[in-house]
Structure formats: structure tokens, C-alpha cells
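To keep things clear, I will list the structure first and then write my remarks on it.
The values are calculated or read from the model by the stated rules, or taken from the named source; none is laboratory data. Treat the numbers as computed from the prediction; the structure is a model and nothing was measured. Glycine gets a Cβ as well: all are built from the backbone with ideal geometry, and neighbour counts include every protein chain shown. Just so you know, the surface numbers come from the protein's heavy atoms only, side chains and all, with ligands and any DNA or RNA stripped out. Shrake-Rupley method; radii C 1.70, N 1.55, O 1.52, S 1.80 Å.
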Amino acid sequence: MGGRWIERWEPEDEVFWREEGERTARRNLLFSVLSEHVGFSVWSLWSVMVLFMGPRYGVDPAGKFFLIGTATFVGALVRIPYTFAVARFGGRNWTVFSALLLLLPTGLAFAVMEPGTSYTTFVLVAALTGVGGGNFASSMTNINAFFPLRKKGWALGLNAGGGNVGVPVVQLVGLLVIGTAGAVHPRIVLGVYLPLIVVAAVCAALFMDNLAPVRNDTGAAKEAVRARHTWIVAFLYVGTFGSFIGYSFAFGLVLQTQFGRTPLQAASLTFAGPLLGSLVRPVGGSLADRHGGARITLWTFAAMAAATSVVIYASLIESLAVFLAGFIGLFVLSGLGNGSTYKMIPAIFLAQGHREGLAGEEAEAYGRRLSGAAMGLVGAVGALGGLGINLAFRQSFQASGTGTAAFAAFLVFYAACMGVTRAVYLRRPAAVPGTAEHVTEPEPRPGYAKV
């Protein structure tokens, strides 16, 4: 129980929030973003390292996709324990520890990143970078507890967006290294991040807090697992975040493999999509606060399907310009969808509390309790979507030399996500209120956002 602990935390109390809560929450949000940002960069390292792996490394495109997929898979799995670590150890304490843990995969990558290293070693080191993906789950769970429901869309979107920016930033660092030192010096990228990890850990130790009212609740975890809406939103998050992280990791390799770009040419294009997708994530959360997360999510999936059609067309006519336009559109839209889909989680469980007869503080406590537990599960399943995208690309390139078949599969999946969103969260309620499993929030208090 070391570190600073806040014993009283009541963000829904407007007086408490105005006088002391908001200032403290914003400070913790700022340094949570820093730590999560570095975590995403470490998780994304192999999307950059593969650009440095020329013929001397002896790794074919399928092997490179597998390295990226390995990091994605481990990052998805560790999100579940990371979610519950916040309540067990405290948000500040866990942020310090999880940041310092990033030194292990980064240091090992620095040691082995050279021709002649066995492929098995590369796979093991890539797997270790997955711990950076876990930082997202603990950070989102922590920030969810700090903010009132009416502010969650903005706060969670900003927290996640700031973390997601770690993907294009590490890719920009890779571009800078390739453009100045050449594609034979990957250790420079890793050397940049070792001190940044220490800075993130020190800042968390100095400026973040633990919330004593947040405690592990085994019952909440079990309820979240049993709740059908946990898995429905997780399915939708596969379509948004799974797309974002999968495309982010694979974009440069797709450009090299399908369009014959050099490492420098690929790196100069790779960062743009993840950067835009990260920056618009808070916009998705803010739009969800105003118009409802389900409505924004539905239209996002419709637009993603249209953008995917553009990418398929570009692949068939072998137009790099059209391909880039469609692919960057997918990044932007997945970023919007990330924000709107995650905003749905607390609103859904608050609405469920009202349907079960709870009101006021009881309903709010119920919503916070279950949404915090559900976020880790949703985040983990969503990240597995990134693994699916990389495996789909691997299979598509092995079979035909292009990613067209993979994009066709993604188009079908986005259509399924549209159908689920509309059927579950936007259909009209039954004639007798409360008889249907309709989760749009019944506006229990002024200013609260809808699902």
C-alpha cells in the first residue's frame, strides 16, 4: 500500500468535482497518457523493426507478419490481468511498475537486433513487447474511476488517443533513423525509448495518485463475464480497435510487400494513418457524449465498409494513391469508432442498473463497478482483432501475393458489426418499457450521455 492514496473520491458530486476532483483527475489523466503513450510505442516496436530486417536477416514477409502478430497476441492477453491490477495495487503504483517493466523487452530487443540472430529469438522478444499493450487496459480502468459519467467519453477518448499516438510516434522515430542513419541501425530507435521509459515511470511516481475506494471486486468481474453486453461491445471493439492496431502494425509491411516500397518509402507513409486515427479518438468520444455512442459507432462502421471497398478497388487496379486514400480513411474512422465504442461501456451498465431498479448513487456505483471490470475484457478481445488482421494478411499474401482477399473478409465483418449495433443498441424499445433488452439510457439525471 505504498505511495499516495486518496481516501474519498466522489466524482458524481458536482461540488466535490468542482472544488477538488476535476483538478486531481486531470493531473492523473495527463501522466496516465504519458505512460500509456510509451507503452503503445513499445508494443508497436516490431512494426518498425521489420522495416529494418533486410535480406541479411533471412525473414520472409510471412515471418515478419508473424512477428507483428505475436506482439499483438500477447498484448491482448495481458490486458485482462492489467485491468484488475489497478484495484489490487493502486493506479499510481501499477503505472510506475508497468512502465519500468517496458525496459525488459526494449533492452532485449536492443541486444538481439542484428543479422544472424535466430528467428526463434526474434519471436520471443516480440512476444515480450506485448506487455506494452497491457498498459492500455490498466490506464483506461484507472481513468474511468477518476471521471464522472458525463465526462467519461472525453476523458477516455483523450487517454486512449494520447496512448494510441505512441504508434505513429515510434514509426516517425524509425523514419528519422532510416532517413539519416540508414536501414542498418535499428538500435538507435531502441536507444531513444530506454530513457523515455524511465521518464514515464518517474513522472507517474511523482504526480499520480491511487484511489482507495477502488478495490478489486471479484463479483464484478464475474458479473461482467456473464453480461451479454460485455461480449457484444467486445465484438464491436474488434471492428474498431482491432482494425486500428492491426492496420497500424501491418501498414508498412503491406506497402513493402504489395507495392514494392523501400524501407524508407514505407516508413515515410506508415505513420500518417495511425497518427490521424489516434488524434480523432477523443473526437469520437466527444461525439458519443453528445449524440450517443451507438449512433456514432453505426455510422462509423458504414463508412469503414465504404473505405474498405475503396482499398479493394485500389488493390485490383494497383493504384498506390487510391490505396493510400482508402487506407488512411480506415485509420481515421477506426479512431472515431474507438472513442464512441468505449464510451458505450459505462453508459450501458448505468442503464442496466436502472433497469434492475437501482437509482441515484446506487445505480452510478453499479455502473462504475461493472464498466471498470468490463473494460479490460473488451480491450483484450478488441486487441485480438489486430492479431486476426495480421494473420489474414499473412494468409492472403501467401496465397495470392496481395492483401485483396483479406480486405474482402474485413468488409464482411464491418457489415456484421453494423447489423449488431443497430439490432442491439438502436432498435426501438418494446411497447412496454423495460420488457425489451434495450439499453439506451433513460436520462436518469440531466447532462448524462446516452449509449
**Item:** Value of Rg/Rh across the range 282-362 [Cα atoms, Kirkwood radius]
**Value:** 1.22
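Tell me, in nm to one decimal, what length is gained between V15 and E114 on full extension, where the rule is 0.36 nm per residue of separation less the Cα-Cα distance? Each step should come with its number before you reach the end.
On the way: separation 99, 0.36 × 99 = 35.64 nm, distance 5.79 nm.
So the extension gain works out to 29.9 nm.
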**Item:** Inter-label distance for L104 and V192, nm, one decimal - labels placed 7 Å from Cα along Cα-to-Cβ
**Value:** 2.6 nm
**Message:** Run the Debye formula on the Cα coordinates of the range 58-184, all scatterers equal and no solvent, and tell me log10 I(q)/I(0) at q = 0.16 1/Å.
**Reply:** -0.91
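Mean projection of the alpha-carbon convex hull of the range 203-322 over all orientations, in nm²? List each step's numbers first, then the result.
Working: hull surface 46.9 nm².
With the hull built on Cα positions only, its mean projection is 11.7 nm².
Once R0 is set to 30 Å, what does the formula 1/(1 + (r/R0)^6) return for the Cβ-Cβ distance between R27 and L316, expressed as a FRET efficiency to the nearest 0.05?
Numbers: r = 51 Å, r/R0 = 1.70.
Calculated transfer efficiency: 0.05.
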**Asked** Roughly how much of V192 is accessible, in Å² to the nearest 10, using a 1.4 Å probe?
**Response** 60 Å²
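Work out the count of Lys pairs in the chain where the Cα-Cα distance is under 26 Å, with the pair 8 or more places apart or on different chains. Display every interim value, and only then the final one.
Numbers: K151/K343; K151/K450; K152/K222; K152/K343; K152/K450; K222/K343; K222/K450; K343/K450.
Lysine pairs satisfying the spacing and distance rule in the chain number 8.
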**Asked** How many Å³ per residue does the convex hull of the Cα positions in the range 7-128 occupy?
**Response** 115 Å³
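When averaged across all projection directions, what area in nm² does the alpha-carbon convex hull of the chain cover?
Working: hull surface 80.4 nm².
Hull-based average projected area comes out at 20.1 nm².
Ignoring ligands, DNA and RNA, what accessible area per residue does the range 265-374 give at 1.4 Å, in Å²?
Details: 3620 Å² over 110 residues.
Heavy-atom SASA per residue in the range 265-374 reads 33 Å².
Can you put R290, R8, R427 in order of accessible area, largest first, using a 1.4 Å probe?
Details: R290 155, R8 115, R427 90 Å².
Largest accessible area first, the residues go R290, R8, R427.
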**Message:** Could you give the length gained by full extension between L124 and R422, i.e. 0.36 nm per residue of separation minus their alpha carbon distance, to one decimal place?
**Reply:** 103.1 nm
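Quick test of the membrane-span-like rule: which DSSP H helices of the chain reach at least 20 Å along their long axis (C-alpha atoms) with mean Kyte hydropathy at least -1.0? Show your work: numbers first, answer last.
On the way: long enough: 22-43 (31 Å, -0.01); 61-89 (41 Å, 1.09); 131-146 (24 Å, 0.36); 149-164 (23 Å, -0.45); 166-180 (21 Å, 1.99); 187-207 (31 Å, 2.38); 228-259 (42 Å, 0.93); 293-317 (36 Å, 1.44); 320-355 (51 Å, 1.08); 360-400 (58 Å, 0.29); 404-421 (26 Å, 1.82).
Result, helices passing both filters: 22-43, 61-89, 131-146, 149-164, 166-180, 187-207, 228-259, 293-317, 320-355, 360-400, 404-421.
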**Asked** Among M304, M418, what's the order by accessible area (1.4 angstrom probe), most exposed first?
**Response** M418, M304
